[in-house]
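A.B. asks: Can you keep this structure in mind? I'll have questions shortly.
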Amino acid sequence: MSNQHEYSFFQSVEKSFEKATKFTKWEKGLLEQIKACNSIYSMRFPVKMDDGRIEVIEAYRVQHSQHKSPCKGGIRFSDAVNQDEVMALASLMTYKCAIVNVPFGGAKGGIKINPRQHSVYELEKITRRYTSELVKKNFIGPGIDVPAPDYGTGEREMAWIVDTYASLKPGDIDAAGCVTGKPITQGGVRGRKEATGLGVFFGIREVCNMPDVMKRLSLSTGVEGKTVIVQGMGNVGYHCAKFFREHGSKVIAIAEYEGAIYNAGGLNEEEVFQHRKATGSILNFPGATNLANSSDALETACDILIPAALENVINGSNADRVKARIIGEAANGPLTPDADDIFAKKGILVVPDMYLNAGGVTVSYFEWLKNLSHVRYGRMEKRFTENMNGNILEQIESLTGKKVSDAERKVIQHGPEEVDLVHSGLEETMISATREIMDIWHKNPEIPDMRTAAYVCAIDKVGTSYAELGIFP
Ligand code: GLU
């Protein structure tokens, strides 16, 4: 999935950033500071593998911006990890957090391993050693830098990180806030797992609910009945497919690295997931057609294409063959600047990664707040709200002489659980961010695409924050 034709991933991010600067009011020096990666920690450490061999592990943590503390961003395990990639991903985190008003600087970590080629015990040793390297250099902590899951990592790895951190910081009452995406039992928050996929859905749904935007694309409003193709069946892709299907869209193709499947009548992501688990591949799914190459799914006609795997999958060499009307970037950096130019010319709407996939970090922020406040969301108000709603209902019933059914009573009385509050906070965040970016774009017709509008939004927020710090008298 490397980008052989154009720029490195970090150069792509810089190029998109520079495209937006002329629409902002900030002076060159400040723009240079916003763009630069502030701290780069490149490390090598030895780990003894199960067969007794010692392997030197290459790993990184990049803090792109400390204009707000802590820094925030996931850790990926992939054998494609390199410093340039981690720098690009850290930069995107800064802009992402700024757009959705999550008060963090951007960071990212990466360990250059293929997790499929290691035992669970080896992965645990690598993760714990990486964490202690971060502690040694003060690159982790609830007020310093807070990692999270990314490609190739999940709750299990986050549990190892928090346990290692807490054991090295005895008595730190806020230790649970050193990492997010933890299992619920280790201080995680309900709703984090599906957050990125749900955020992507909320963002695209909002775009689809904009009549003027849909008119320009010759599409009807709403997500119902729209055809969707998802590339990548990891946590993000799986949940994207789930929420689109549950809201009446048809997921007609799903791609993974071993191949892609197509069914014009729609695919059920859970059944596909179970089939892959049982057979080791998504291919030969009952009722679906196999596509010859995994990348064919990207070029199949649909309303909404969701690349939810890795960067640079749509570039100057295949963008011309993409037939979708809307591309929702669930992954980080799936399109190159050349692809952007092609889509802008063809009138295909690209909804950019740097805000569309911000659901993960938004709910990470909720998790971090939960850890620092040491109380579950909803604990204080759930019962109070239920009692209050019950009283109001009783009054209405006695005034009208009518009674609601038991099922209706349950809905009306319901006090918020943690997951309800998290989902609603996420929905509000994604809707507001979509409207804010679209507004910037509409107010300045010279802005060529939605990504540039998103960069303008991010640069203005980070710029304001630097200016307010008063470090440039
Ligand atoms: N890895 C996710 C992202 O790229 C989540 C980061 C976080 O929750 O800090 O946005």
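A short reminder: the numbers here are calculations on the coordinates, not readings from a lab. Note that the coordinates shown come from a computational prediction; the quantities given were computed from them, not determined experimentally. Neighbour counts are summed over all protein chains in view; Cβ atoms, including those assigned to glycine, are modelled from backbone coordinates with ideal geometry.
A.B. asks: Quick check on Val272: is it closer than 16 Å to Gly199 by Cα and either basic (Lys, Arg) or in contact (Cβ under 8 Å) with a residue 12 or more places away in the chain (or both)?
C.D. replies: Answer is no for this residue.
A.B. asks: Oh, and also: Just wondering, is there one or more residues in region 104-120 that are assigned to a loop (DSSP other than H, G, I, E, B) and on the phi > 0 side of the Ramachandran plot?
C.D. replies: Scanning region 104-120, I find no residue that is assigned to a loop (DSSP other than H, G, I, E, B) and on the phi > 0 side of the Ramachandran plot, so the answer is no.
A.B. asks: Continuing with the same structure: Quick one: what pairs do we get from region 106-135, first residue without any contact (Cβ under 8 Å) to a residue 60 or more places away in the chain and surrounded by 17 or more Cβ atoms within 10 Å (Cβ to Cβ), second assigned to a helix (DSSP H, G or I) and acidic (Asp, Glu), C-beta under 6 Å, 6+ apart or different chains?
C.D. replies: Thr127/Glu157
A.B. asks: Looking for whichever is touching a residue at least 40 places away in the same chain (Cβ under 8 Å), under 25 Å from the mean Cα position of the chain (by Cα) and either closer than 27 Å to Met214 by Cβ or surrounded by 14 or more Cβ atoms within 10 Å (Cβ to Cβ) (or both) here; the options are Ala319, Ala324. Which one fits?
C.D. replies: On inspection, the qualifying residue turns out to be Ala324.
A.B. asks: Here's a follow-up. It is to be established whether one or more residues within region 183-202 are assigned to a loop (DSSP other than H, G, I, E, B), surrounded by fewer than 24 Cβ atoms within 10 Å (Cβ to Cβ) and either polar (S, T, N, Q) or without any contact (Cβ under 8 Å) to a residue 24 or more places away in the chain (or both).
C.D. replies: no
A.B. asks: Only one of (1) within 16 Å of the ligand (Cβ to nearest atom); (2) over 20 Å from the mean Cα position of the chain (by Cα) fails for Thr21. Which number is that?
C.D. replies: Against the list (1) within 16 Å of the ligand (Cβ to nearest atom); (2) over 20 Å from the mean Cα position of the chain (by Cα), Thr21 comes up short only on (1).
A.B. asks: Let me ask something else. May I ask you to list pairs of residues, at least six apart or on different chains, whose Cβ atoms are under 8 Å apart, with the first in region 223-249 being closer than 11 Å to Thr196 by Cβ and the second being of a type in the set (Lys, Arg)?
C.D. replies: These pairs meet every condition: Asn235/Lys193; His239/Lys193.
A.B. asks: Output the number of residues of region 333-363 satisfying the condition of being among the small types (Gly, Ala, Ser), within 12 Å of the ligand (Cβ to nearest atom) and either out of contact with any helix residue (DSSP H, G or I) (no Cβ under 6 Å at 6 or more places or on another chain) or not in a helix (DSSP H, G or I) (or both).
C.D. replies: Final tally of qualifying residues: 2.
A.B. asks: Also, I was wondering about something else. Would you check if Asn315 is within 16 Å of the ligand (Cβ to nearest atom) and under 23 Å from Ala80 (Cβ atoms)?
C.D. replies: no
A.B. asks: Also, quick follow-up: Identify, please: which residue in region 15-73 is of a type in the set (Ser, Thr, Tyr) and not in a strand (DSSP E or B) and is, among those, nearest to Gln83 (Cα to Cα)?
C.D. replies: Filtering region 15-73 for residues that are of a type in the set (Ser, Thr, Tyr) and not in a strand (DSSP E or B), the one nearest to Gln83 (Cα to Cα) comes out as Ser65.
A.B. asks: Out of Ser364, Ser373, I need the residue that is under 23 Å from Asp145 (Cα atoms), polar (S, T, N, Q) and buried (at least 24 other Cβ atoms within 10 Å of the Cβ). Which one?
C.D. replies: Of the residues listed, the single one that is under 23 Å from Asp145 (Cα atoms), polar (S, T, N, Q) and buried (at least 24 other Cβ atoms within 10 Å of the Cβ) is Ser364.
A.B. asks: So which residues in region 260-274 are crowded, with 18+ Cβ neighbours inside 10 Å and within 15 Å of Gly232 (Cα to Cα), if there are any at all?
C.D. replies: Scanning region 260-274 gives Ala260, Ile261, Tyr262, Leu267, Glu269, Val272.
A.B. asks: Also: Of the residues Glu224, Glu270, which single one is assigned to a loop (DSSP other than H, G, I, E, B) and among the charged types (D, E, K, R)?
C.D. replies: Glu224
A.B. asks: Could you list, in sequence order, the residues of region 63-77 that are within 12 Å of the ligand (Cβ to nearest atom), of a type in the set (Lys, Arg) and surrounded by fewer than 24 Cβ atoms within 10 Å (Cβ to Cβ)?
C.D. replies: Answer for region 63-77, where residues must be within 12 Å of the ligand (Cβ to nearest atom), of a type in the set (Lys, Arg) and surrounded by fewer than 24 Cβ atoms within 10 Å (Cβ to Cβ): there is none.
A.B. asks: When region 86-102 is examined, which residues are found to be away from the ligand (no atom under 12 Å from the Cβ) and over 18 Å from Thr196 (Cα atoms)?
C.D. replies: If the condition is that a residue be away from the ligand (no atom under 12 Å from the Cβ) and over 18 Å from Thr196 (Cα atoms), then Met87 is the only one that fits.
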